[in-house]
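Inspection log for the structure reproduced underneath, given as structure tokens.
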Amino acid sequence: MKAAFAAWNNRIAPVFDVAHEVHVVEAESGRILAETRQSLPDDPPAQRAVCLVESGVATLVCGAISRSMQALIAAYGIRVFPFVAGDLREIIDAWLSGTLRSRHYAMPGCGKTRQGRRRGPGQEENEMQARARGGTGRGGGRGQGRGRRRQAGQGAGRMGGPLEAGPNGFCVCPKCGYSEPHVGGQPCFAQRCPQCGANMTRQAS
């Protein structure tokens, strides 16, 4: 089995869509057989997926990734572990040992997907997803968070997103926890969650 790890300075690249290379690992029964570095094409985006397919990659481990890019890669039957962060060697060891889904390897502000959630054919079944900071659980956690912001003199953006989110951050579904990197010029509140249909909100990175 081959897995590709989006790499940057011996760490997982923070955003796959602009990563320059992947570290490809071939392993069997938890033992590494071969490792190579492979450059990724810049344009068009579809060539990134084709590059992985031609290399025989079955799994992609990466940081943040756009929804369109992830769907494109998954369409080729490649499993995607998104929103992963950390030292490259440590992440490879976690993949070999089957512990990659641990919260320890999630990007800041992200957690594990709820167990048992299933996605379409060829897509990761237990994808790590970002969760809104401040809590959206039962018992009014979200409302309390808004109150604290107002007391501190900070306002809330449209649909509950923070005004200070800036050009980066994530679009997060307050209902099921699904998230994806924010795209400039595309307001989160105008997008609907592809999993449950709820309006997305903005979360700072």
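The values are calculated or read from the model by the stated rules, or taken from the named source; none is laboratory data. The structure displayed is predicted, hence computed values, not measured ones. Counting neighbours? That spans all protein chains shown, and the Cβs are built from the backbone with ideal geometry, glycine included.
So is D43 under 29 Å from V183 (Cβ atoms), loosely packed, with under 14 Cβ neighbours inside 10 Å and assigned by TED's automatic domain parsing to the domain that holds F83 or not?
Taking the combined requirement at face value, the residue satisfies it.
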message: Looking for something over 27 Å from F170 (Cα atoms), touching a residue at least 12 places away in the same chain (Cβ under 8 Å) and polar (S, T, N, Q) - is there at least one such residue anywhere in region 62-70?
response: no
field: Condition check for V22: touching a helix residue (DSSP H, G or I) at 6+ places or on another chain (Cβ under 9 Å) and either surrounded by 12 or more Cβ atoms within 10 Å (Cβ to Cβ) or not assigned by TED's automatic domain parsing to the domain that holds R89 (or both)
entry: yes
message: Whether any residue in region 4-13 is surrounded by fewer than 16 Cβ atoms within 10 Å (Cβ to Cβ) and more than 17 Å from the chain's Cα centre (by Cα) is what I want to check.
response: yes
statement: Out of (1) touching a residue at least 40 places away in the same chain (Cβ under 8 Å); (2) in a strand (DSSP E or B), the one W95 does not meet is (2)
task: Of the numbered conditions (1) at pLDDT 95 or above; (2) over 24 Å from A106 (Cα atoms), D43 fails exactly one; give the number of that condition.
output: (1)
- line: Among the residues of region 104-128, the number that are more than 13 Å from the chain's Cα centre (by Cα) and at pLDDT 65 or above is 1
- line: Looking across region 57-82 at residues that are within 9 Å of the chain's Cα centre (by Cα) and either assigned to a loop (DSSP other than H, G, I, E, B) or of a type in the set (F, W, Y) (or both), the single one that is surrounded by the fewest Cβ atoms within 10 Å (Cβ to Cβ) is S66
message: Of the conditions (1) more than 26 Å from C171 (Cβ to Cβ); (2) not in a loop (DSSP other than H, G, I, E, B), P41 satisfies every one except a single condition; which number is it?
response: (2)
- line: Across region 1-52, the tally of residues that are within 22 Å of S68 (Cα to Cα) and small (G, A, S) stands at 9
message: Pull out all pairs, ordered by first then second residue, where Cβ-Cβ is under 8 Å, the residues are six or more apart or on different chains, the first lies in region 41-60 and is farther than 18 Å from P82 by Cα, and the second is aliphatic (A, V, I, L, M) and not in a loop (DSSP other than H, G, I, E, B).
response: S55/A4; S55/V24
